[in-house]
Amino acid sequence: MDITDMDLNGEMIITGGKDCKVKVWLITDLIAQKPCFVEFSEHTSEVTQVRLCPASTHRACSASVDKLFKVYDIPSKRCVKTIQA
């Protein structure tokens, strides 16, 4: 997988890639070499930007070449909002 962007905080790392996926790892799981906590596959083109929400450790967002901006609820492992540019 080619990673196009990443962000991290004290608990998690989020990546976006050319494979159209957004992946979230818990840092403790990454150290233990466990697979990602959640993988979002809603985009249809390369993910260009990802961010963990600084105001809430439960939210993240992504933007893609498909002109979609998505907001994710990490604990429920769901996309909660999609905005088309």
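Conditions tested, residue by residue: (1) in a loop (DSSP other than H, G, I, E, B); (2) touching a Ser or Thr at 6+ places or on another chain (Cβ under 7 Å).
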| residue | (1), (2) |
| --- | --- |
| ASP5 | no, yes |
| GLY16 | no, yes |
| PRO35 | yes, no |
| GLU42 | yes, no |
| GLN49 | no, yes |
| THR57 | yes, no |
| SER62 | no, no |
| THR82 | no, no |
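From the list VAL47, VAL71, the one residue that fits, being in contact (Cβ under 8 Å) with a residue 24 or more places away in the chain and out of contact with any His (no Cβ under 7 Å at 6 or more places or on another chain), is VAL47. Counting just the residues of the stretch 29-42 that are of a type outside the set (D, E, K, R) and under 15 Å from ILE14 (Cα atoms), which one comes out surrounded by the most Cβ atoms within 10 Å (Cβ to Cβ)? Among those residues, the one meeting the criterion is PHE40.
Pick out the one residue from LYS67, LYS18 that is among the basic types (Lys, Arg) and at positive phi. LYS67 is the lone residue from the list that is among the basic types (Lys, Arg) and at positive phi.
What tally of residues in the stretch 46-74 results from selecting those that are of a type outside the set (S, T, N, Q) and within 16 Å of ILE13 (Cβ to Cβ)? Write out each step before concluding.
Narrowing the stretch 46-74 to residues of a type outside the set (S, T, N, Q): 46-47, 50-55, 58-61, 63, 65-74.
Now drop any that are not within 16 Å of ILE13 (Cβ to Cβ), which leaves 47, 50-54, 58-61, 72, 74.
Count: 12.
Scanning the stretch 6-54 for residues that are more than 18 Å from ARG78 (Cα to Cα) and in contact with a Phe, Trp or Tyr (Cβ under 7 Å, 6 or more places away or on another chain) gives a single hit, ASP29.
Residues are listed down the side, and each one gets a yes or a no for (1) at pLDDT 95 or above; (2) touching a strand residue (DSSP E or B) at 6+ places or on another chain (Cβ under 6 Å):
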site: THR4; (1), (2): yes, yes
site: ASN9; (1), (2): no, yes
site: ILE13; (1), (2): yes, yes
site: GLY17; (1), (2): yes, yes
site: LYS23; (1), (2): yes, yes
site: THR28; (1), (2): no, no
site: ILE31; (1), (2): no, no
site: VAL38; (1), (2): yes, yes
site: HIS43; (1), (2): yes, yes
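The values are calculated or read from the model by the stated rules, or taken from the named source; none is laboratory data. Predicted, not measured: the structure shown is a model, and the values here were computed from it. Positions of Cβ are generated from backbone atoms using ideal geometry, with glycine treated the same way; all protein chains shown enter the neighbour counts.
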